[in-house]
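Derivation of every value follows stated rules applied to the coordinates shown; laboratory data play no part. Predicted model only: the values in this text are computed from it and were never measured. Cβ coordinates were reconstructed from backbone atoms using ideal geometry, including for glycine residues, and neighbour counts include every protein chain displayed.
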Amino acid sequence: MKTLSRMKIAFAAAAAMLALLLPQKAPPHELMLRTASGRSVGQAVMGRSDARNSSLALSARGLPVDRGHQFVLWASDDKSSMQVGRFMVDRSGSCRARFNLPADHAWTQFWVTNPGKPKSVVAST
């Protein structure tokens, strides 16, 4: 009986150690992209890709394509902002794109602009 109890304790300790040693993935964080009028045009889903990078999956639909099919994605945290990258949409204004961002920031806001016009926001979270 004592041997069985010791085995259970040893197994529980081993399981706890294994849980601590295995890499933990943060749950995905979803943000909605909306136009100035409040119309939803997409979502950005943040997740962890590795120790240095956060992964951003961008899905958009209905972005305005009257000025072209290319857009710029921006990100900011409490202290800084950066251009994440450019992406293209199809004729209906839809796309799926993936980006990597530095994992040492707590990215809280994203916005989309037209190329060459960083202050002309098309959509934001």
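Ranked by the mean number of other Cβ atoms within 10 Å per residue, highest first, peptides 104-111, 31-38 order as 104-111, 31-38.
Expressed as a whole percent, the proportion of Cα-Cα pairs in region 57-125 lying more than 13 Å apart is 62%. For Ala123, the residues 5 or more places off, or on other chains, whose built amide H falls under 5 Å of its own are Val112.
With both labels modelled 7 Å from their Cα along Cα-to-Cβ, the Met82 to Lys119 distance reads 2.5 nm.
Between Thr108 and Ser76, Asp77, the built amide H atoms are under 5 Å apart, and every one of these is 5 or more places off in sequence or on another chain. The residue list Gly62, Leu33, Gly85 was ranked by how far each Cα lies along the charge dipole of region 26-124 toward its positive end, using unit charges on Cβ atoms, and Gly62 comes out on top.
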